[in-house]
Amino acid sequence: MVEFKSEAALAAMRESGRVVATALAEVERAAGVGVSLRELDEVAREVLRKAGATSPFLGYRPAFAPVPFPAVICASVNDAVVHGIPTGYRLRDGDLVSIDCGALLDGWAGDAAVSFTVGPPRPEDQRLIDTARRALEAGIAAAVVGNRTGDIAHAIGTVARGAGYGLLDGYGGHGIGRRMHEDPHLPNEGRPGRGFPLKPGLVLAIEPMLIAGGTDTHTTDPDGWTLRTTDGTRAAHVEHTVAITPTGPRILTLP
């Protein structure tokens with residue numbers, strides 16, 4: 001069932017979104033050569049703790065997962081697209097890192113993701129990240145009353161495919177509110193004018209997941225969570241929580 005949020009609910013979700021934005025900024029700031037992914041997870045845990053928030057990631061176990069997720073961030077490096085479990089892996093110069101983080105504050109969820117490199121980026125990595133951001137911006141721009149989820153999907157897919165990139169098959173964005181994952185599902189590619197209608201109070205997590213090699217397929221690590229590109233090329237993942245309002249899209253996960 002799709003829940004439409006009141007202005008009071010959107011205000012509360014804006015506060016959980018601020019926590020997510022702070023956590024992502026602190027993690028990116030801490031991500032240097034030699035820093036482990038577990039240490040980055042600790043940085044995010046401390047942000048959540050100080051804000052009085054909890055993590056919707058920690059302990060999350062959907063039907064496909066062999067074990068509950070053990071961290072408060074997903075840390076996906078290089079050919080890992082999404083759902084990377086933070087391990088003792090220590091970052092190296094040139095790594096492409098995608099960090100996904102959520103927060104629950106006063107009963108409301110926020111969810112966002114960023115991609116960045118450790119040290120100066122290779123030109124091809126910068127282009128991949130920039131295109132993912134442009135795809136996200138295009139998706140947000142299409143998140144207006146009167147459109148449908150297919151319009152958002154089409155906007156994202158047009159940017160990604162136009163640049164020659166793949167889109168992680170079977171994965172996309174989602175509704176969000178009191179729970180991290182709510183209806184409706186939001187594909188990253190689709191036909192305009194199709195899908196669920198966008199009405200005021202609908203809140204969506206919009207999240208392009210781009211694969212540099214142009215393929216869409218993935219493999220799953222033995223941990224049952226981490227999804228990797230099948231061609232070994234790098235990936236970028238960016239995300240914002242966005243509310244549909246009468247005056248246009250409202251990003252809830254900005255600082």
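The values are calculated or read from the model by the stated rules, or taken from the named source; none is laboratory data. These figures come from a predicted structure and were not determined experimentally. Neighbour counts run over all protein chains shown; Cβ positions are idealised from the backbone, glycine included. All accessible areas refer to the heavy atoms of the entire protein, side chains included, with ligands and DNA or RNA removed. Shrake-Rupley method; radii C 1.70, N 1.55, O 1.52, S 1.80 Å.
Observations, loosely collected:
- From phi via Karplus (6.51, -1.76, 1.60), per-residue ³J(HN,Hα) for the range 21-31 in Hz, x at Gly/Pro: 4, 5, 4, 5, 5, 5, 5, 4, 5, 7, 7
- Convex hull volume of the range 189-255 per residue (C-alpha atoms, cubic angstrom): 147 Å³
- Extension gain, Arg194 back to Val33 (0.36 nm per residue minus Cα-Cα distance, nm): 53.5 nm
- The chain - percent of accessible surface contributed by carbon and sulfur, probe 1.4 Å: 54 percent
- Karplus (6.51, -1.76, 1.60) ³J(HN,Hα), θ = phi - 60°, over the range 162-171, in Hz, Gly and Pro reported as x: x, 8, x, 9, x, 10, 3, 5, x, 10
- Ratio of the Cα radius of gyration of the chain to 2.2 N^0.38 Å, where N counts its residues: 0.93
- Charge dipole magnitude, Cβ of K and R +1, D and E -1 - the range 122-172, Cα centre, debye nearest 20: 60 debye
- Rg over Rh for the range 133-254 works out to 0.98, both radii taken from alpha-carbon positions and Rh defined as the Kirkwood radius.
- Local net charge near Gly146, Cβ-Cβ under 15 Å (Lys/Arg +1, Asp/Glu -1): +2
- Here the range 1-94 yields Rg over Rh of 1.02, to two decimals, using C-alpha coordinates and the Kirkwood radius.
- Enclosing the Cα atoms of the range 105-193 in their convex hull gives a volume equal to 117 cubic angstrom per residue.
- Summarising the overall dimensions of the range 51-158 from its C-alpha atoms, the Rg and Dmax are 16.2, 47 angstrom.
- Accessible surface calculations at 1.4 Å, restricted to protein heavy atoms, place the range 1-132 at 42 Å² per residue.
- Distance between the range 57-105 and the range 119-198 - C-alpha centres, whole angstrom: 20 Å
- Max mean-square fluctuation residue, GNM over the chain, Cα-Cα springs under 10 Å, options Thr219, Thr149, Thr241: Thr219
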